[in-house]
Amino acid sequence: QVQLLESGGGLVQSGGALRLSCAFSGKHPTTYAMGWYRQGSGDQRILVAEITDGGYATYAESVKGRFTISIDNAKNTLDLQMSNLKPGDTAVYYCNGVPPLRPGVWGPGTLVTVSP
């Protein structure tokens, strides 16, 4: 059964940092990677970071050098360390597989708000 629960969001000033966490279940051994997605107001949901079981991480250009993704497969947790946050990072952040573990199944997300 796929379950996803994100936490760690909040309000932070520009230049600040936050660490998001996700507890997940239902990841299949053939799942390519786990990732963090975000959806700003009025925007589509986009993938910002992903990591394979082997630890290979890739990032969207907009967050490269500022965000770090990590995974603990023993604990089924996925983290996203975000630093030097900008107002453009304001969004609801979701974790899921890449591609999603199950079509249409998403967690509640966690809201990150970055003030100028």
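The values are calculated or read from the model by the stated rules, or taken from the named source; none is laboratory data. Just so you know, these numbers come straight off a predicted model, no measurement behind them. Cβ placement follows ideal geometry from the backbone for every residue including glycine, while neighbour counts extend to all protein chains displayed. Areas reflect the complete protein model, heavy atoms only, side chains present, ligands, DNA and RNA absent. Shrake-Rupley method; radii C 1.70, N 1.55, O 1.52, S 1.80 Å.
Could you check how many residues of segment 1-45 are β-branched (V, I, T), farther than 14 Å from V105 by Cβ and in contact with a strand residue (DSSP E or B) (Cβ under 8 Å, 6 or more places away or on another chain)? Here the count works out to 1.
Residue by residue, here is whether (1) within 16 Å of Q3 (Cα to Cα); (2) open to solvent by 60 Å² or more (accessible area, probe 1.4 Å); (3) out of contact with any Leu (no Cβ under 9 Å at 6 or more places or on another chain) holds:
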| residue | (1), (2), (3) |
| --- | --- |
| T30 | no, yes, yes |
| I51 | no, no, no |
| M82 | no, no, no |
| Y93 | yes, no, no |
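Applying a threshold of 9 Å to beta carbon distances and a minimum spacing of six or more residues, or different chains, the list of pairs starting in segment 6-17 at a residue that is within 18 Å of Y94 (Cα to Cα) and in a loop (DSSP other than H, G, I, E, B) and ending at one that is hydroxyl-bearing (S, T, Y) and at pLDDT 95 or above reads G8/S21; G8/Y93; G8/T110; G9/Y93; G9/T110; G9/T113; A17/S83. Whether a residue is within 13 Å of the chain's Cα centre (by Cα), open to solvent by 60 Å² or more (accessible area, probe 1.4 Å) and in contact (Cβ under 8 Å) with a residue 40 or more places away in the chain was assessed, and R45 passes this test. A single entry from K86, K75, K64 fulfils the requirement of being closer than 24 Å to Q1 by Cα, over 12 Å from the mean Cα position of the chain (by Cα) and either open to solvent by less than 20 Å² (accessible area, probe 1.4 Å) or among the basic types (K, R) (or both): K75. A count restricted to segment 95-116 and to residues that are surrounded by fewer than 17 Cβ atoms within 10 Å (Cβ to Cβ) and either touching an Asp or Glu at 6+ places or on another chain (Cβ under 6 Å) or of a type in the set (G, A, S) (or both) stands at 2.
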